[in-house]
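One structure is given below, represented as structure tokens, and several questions about it will come after.
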Amino acid sequence: MRADRTVLWHRVLRPTPRSLKDVERLRNLRDQLHDVLPPGPFVAAVEGYAIRALNRPYATGEWGGVARLVLLEAGCAACVVPPLSLKAHATFHGLAEKETMIARARHLYGYTGKDDNESDALHLAAFAADWWQPRPGLNRKQAAAIEKAEPIFPPPFARPLPATRQRTRS
């Protein structure tokens with residue numbers, strides 16, 4: 001994301017064909033992610049799991065693990081964003097509805113679609129940029145949302161992870 005909030009890259013991946021199941025689905029998604037990763041160092045954000053989600057939590061969890069592994073192998077800094085924190089960062093309200101998230105993506109980034117997954121991807125890109133280097137003018141709710149993100153792994157490239165973003169292990 002550029003300083004003017006222009007998103008450089010975001011993507012929603014879906015298995016192709018949609019009929020793929022189990023390991024074939026994971027392989028297809030992994031290959032798609034490898035194909036679309038930008039060159040060079042970058043920062044990524046992955047939405048955390050919605051604990052109470054009813055639609056295939058194990059399949060979602062497996063894909064989340066594969067995505068994290070691919071990002072690690074690509075050498076990027078990445079964080080997991082709790083769903084409520086993503087909403088708070090984008091709309092200043094952690095319980096925002098999908099329609100509100102889409103409307104904010106339209107307002108902030110010129111999004112013209114109707115897919116809540118795509119609007120979430122745009123908001124995740126903005127979150128990743130602010131997590132890595134908070135922009136001036138973040139409000140209190142946005143700053144609090146960023147503090148709730150968990151680093152997946154530290155960046156392997158030159159810029160050290162800010163002290164407030166370092167995971168402490170006990």
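Within the stretch 134-147, restricting attention to residues that are in contact (Cβ under 8 Å) with a residue 24 or more places away in the chain and out of contact with any helix residue (DSSP H, G or I) (no Cβ under 6 Å at 6 or more places or on another chain), which residue is most open to solvent (accessible area, probe 1.4 Å)? Write out each step before concluding.
Keep residues of the stretch 134-147 that are in contact (Cβ under 8 Å) with a residue 24 or more places away in the chain, which gives 135, 139, 141-142, 144-146.
Adding the requirement that they be out of contact with any helix residue (DSSP H, G or I) (no Cβ under 6 Å at 6 or more places or on another chain) leaves 135, 139, 144.
Details: Arg135: 70, Asn139: 53, Ala144: 49 Å².
Going through the qualifying residues, I end up with Arg135.
Looking only at residues that are open to solvent by 30 Å² or more (accessible area, probe 1.4 Å) and touching a residue at least 60 places away in the same chain (Cβ under 8 Å) in the stretch 85-119, which one is farthest from Asp31 (Cα to Cα)?
Checking each candidate, the answer is Leu108.
Still on this model: Look at Glu62 and say whether it is farther than 21 Å from Trp132 by Cα, loosely packed, with under 14 Cβ neighbours inside 10 Å and at pLDDT 80 or above.
Details: farther than 21 Å from Trp132 by Cα: yes; loosely packed, with under 14 Cβ neighbours inside 10 Å: no; at pLDDT 80 or above: yes.
So Glu62 does not fit the description; no.
Does Ala50 meet the test of being open to solvent by 50 Å² or more (accessible area, probe 1.4 Å), closer than 30 Å to Asn139 by Cβ, out of contact with any Phe, Trp or Tyr (no Cβ under 6 Å at 6 or more places or on another chain) and aliphatic (A, V, I, L, M)? Before the answer, list the steps.
On the way: open to solvent by 50 Å² or more (accessible area, probe 1.4 Å): yes; closer than 30 Å to Asn139 by Cβ: yes; out of contact with any Phe, Trp or Tyr (no Cβ under 6 Å at 6 or more places or on another chain): yes; aliphatic (A, V, I, L, M): yes.
Here the answer is yes, as Ala50 does meet what is asked.
Here's something else I'd like to know. Is there any pair with a first residue in the stretch 21-40 that is under 11 Å from Val66 (Cα atoms) and free of Cβ contacts under 8 Å to residues at least 60 places away in the same chain and a second that is part of a helix (DSSP H, G or I) and of a type in the set (Asp, Glu) whose Cβ atoms are under 8 Å apart and which are 6 or more apart or on different chains, and what are they?
Sorted first by the residue in the stretch 21-40, then by its partner, the pairs are Leu26/Glu62.
The values are calculated or read from the model by the stated rules, or taken from the named source; none is laboratory data. Just so it is clear, the model here is predicted, and its values are computed rather than measured. Note that each Cβ is placed from the backbone with ideal geometry, even for glycine, and that neighbours are counted across all protein chains shown. Each accessible area value is taken on the protein alone, full model and side chains, heavy atoms only, with ligands, DNA and RNA left out. Shrake-Rupley method; radii C 1.70, N 1.55, O 1.52, S 1.80 Å.
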